[in-house]
Amino acid sequence: MSRAKKKPKRSTKQKVLWITAGCTSLLLLAGGALYYRLDSNISTFDRDAVSKDRPDAAAPDAQGRTPVNVLLIGSDSRGNGNSDLGGGGDGGARSDTAILLHVYADHKHAVGISIPRDSLVNLPPCKLPNGTWTKPQANVMFNSAFSVGNTEQGNPACTQNAVEKLTNLRVDHTIVVDFNGFAAMTKAVGGVEVCLPNDIHEGDLNPNLGHKGKLLFAKGKQKVEGQAALDYVRVRHGIGDGSDIGRTKRQQAFLSSLIKEVKSRGMDPTTLLPLADAATKSLTVDPDLGSAAKLLDFAMSVKDVDLHDVKFLTAPWRYDGPRVALVHPDVDQLWAALKADRTIDGQDASAPGDSGSAAPTTEATPAPTTTPGAATDTKAAGVKVSVLNGTGETGLGGKAAETVKGAGYTVTSVGNATGKPRSTTVVEYGTGERGSAEAVAKLFPGATVQPGSRGVAVVLGHDFAAANPATAATPAPGGAASAPAPLPTSVSGTARSADDDPCANVSYG
């Protein structure tokens, strides 16, 4: 009977190779399973709900790099268990947080613009769940766009349409995070450092409580996650003037700390995949971002942005009764700067070079020119004029205001006219001010004058829009489009960098 041959022993090197191959296979399988789970977590909204009347996509620069605009929406949907985290009992979904993130062409700079929820804007047509489209609405609250259709999921496409209408910027991607997703993300990174200027109690978070309640946050720095993190970004009473503007500042500070925390752990799949796993369970995105791979690719594309070059600011605003009006021409200059891929300090992020930016522009804002036939005597300086944009197009109110200022008049306010868009420009006047109105009307060829309530008011019509295309750049010598005017320091000076002290600039009033 023959003895069976012994199998030759594998060398230590062979064992290591087999173990390595096995571990690699397990990692690939685990990674594949995780990607599959992430993909199944992600919800997308209807591509057909995005307006067909959109701004053009940004063109690549000379080096083939393209800026990216991402709309970030915080949803307080009452569905999907969110009411347990403070969503309340009412149905539907609302959005009190909207940030337009502009990632510059060099992918080394980024700026997030908070749009106040109470901003009065013109809302374009939006698709309803039954497939029909709404009519345009003028002078409505910005956050009403997300509630169009009154569904538990909200209407992110409508908010995207509203932002594109407002800014004349193409929104490349939209991301909606609800309460659950937000709380889970803060846990996934082990908490986020925040700061409060004073103690905050339950009654500050819920004014309907009727009493002070227990202490939620002590004054000063602390780390929060889950429910506590959500309470921090939601609270607005008991701090500053209790406004949503102050809450916006704290949300910007929170996002700065979150970015800092993620970057400190390393912008790699090891850090990002657990974060994505937490977030995607409550994430809704546009169809072009609807996979884990695409989300991860986008996150990796901004990994080289330095904390100091991540900026946050609020769109220029002022109180308008209980609401908020966006300030023109400051806000128009802001949108124009982003469209031209200019950083808020005037640098060109599309310029060649290692930093991706040129030296700050030194070009001064040109002084307004006087329109032929305008009143230029000292009487003009004593006439106060308000400018109302009745065209339904952004940017024209500021342009008309500069015309009026250039003729020597005092512009008291710039805003949007209520009601339907106007076909022709009208100058309204109060008692005893017809002569002044007729003089102002000469600045706007074809404008008529008519009695109004009081003062002198220019109400712009489509005739002004046709003669002054809002999106056209002023040709520079040689045919190239000139750079937009530098942002006033009243705007650029309010920006927050992601590396700022978390206790700085966290309240208003």
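The values are calculated or read from the model by the stated rules, or taken from the named source; none is laboratory data. Everything quoted here is computed from the prediction, not taken from an experiment. Positions of Cβ are backbone-derived with ideal geometry, glycine not excepted, and every protein chain shown enters the neighbour counts. We work out accessible area using only protein heavy atoms, side chains counted, and drop any ligands, DNA or RNA first. Shrake-Rupley method; radii C 1.70, N 1.55, O 1.52, S 1.80 Å.
General remarks:
- K223 - accessible surface, heavy atoms, 1.4 Å probe, Å² rounded to 10: 120
- Label-reachable residues, the range 140-157, where backbone N falls under 15 Å from a point 7 Å from T132's Cα toward its Cβ: 149-150
- Model label points for T489 and K187, set 7 angstrom from Cα along the Cα-to-Cβ axis, are 4.7 nm apart.
- Among residues other than G191 with Cβ under 11 Å from its Cβ, the summed charge is -1 (Lys and Arg +1, Asp and Glu -1).
- Each of Q160, V176, N130 was scored by the projection of its Cα onto the charge dipole of the range 114-216, and the greatest displacement toward the positive side belongs to N130; charges sit on the C-beta of Lys, Arg, Asp and Glu.
- The range 135-227, accessible surface, carbon-and-sulfur percent (1.4 angstrom probe): 48
- Taking a ≥ b ≥ c as the square roots of the eigenvalues of the Cα gyration tensor, the range 144-301 is classed as oblate, since a/c reaches at least 1.5 and a/b does not exceed b/c.
- Computed extension gain for D46 through A62, at 0.36 nm per residue and net of the alpha carbon distance, reaches 2.4 nm.
- Amide hydrogen neighbours beyond the local backbone of N139, cut-off 5 Å, H modeled: V121, N122, L123
- Distance violations [Cα-Cα > 28 Å] among K223/K339; K108/K339; K221/K294; K219/K263: K223/K339; K221/K294
- Label point distance in nm, N206-D306, each placed 7 Å from Cα along Cα→Cβ: 4.6
- A simple count of charges around G242, restricted to other residues whose Cβ falls under 11 Å of its Cβ and scoring Lys, Arg +1 and Asp, Glu -1, yields -1.
- The label point for T424 and the one for N468, both projected 7 Å from the Cα toward the Cβ, are 1.9 nm apart.
- Carbon-plus-sulfur accessible fraction, the range 419-465 (probe radius 1.4 Å, protein heavy atoms only): 51%.
- Sorting H211, H109 by solvent-accessible area of protein heavy atoms yields H211, H109, largest first, with a 1.4 Å probe.
- Charge tally around A105: other residues with Cβ under 10 Å, Lys/Arg +1 each, Asp/Glu -1 each, net -2.
- Per-residue ³J(HN,Hα) for the range 290-301, Karplus 6.51 cos²θ - 1.76 cosθ + 1.60, θ = phi - 60°, Hz, x for Gly and Pro: x, 8, 4, 4, 5, 5, 5, 4, 5, 4, 5, 5
- Virtual paramagnetic centre 7 Å along Cα→Cβ of C503, amide N under 15 Å, in the range 218-244: 218-223
- Residue-wise HN-Hα couplings along the range 313-321, as the Karplus relation 6.51 cos²θ - 1.76 cosθ + 1.60 with θ = phi - 60° gives them from phi, are 8, 9, 3, x, 9, 8, 5, 10, x Hz; Gly and Pro carry x.
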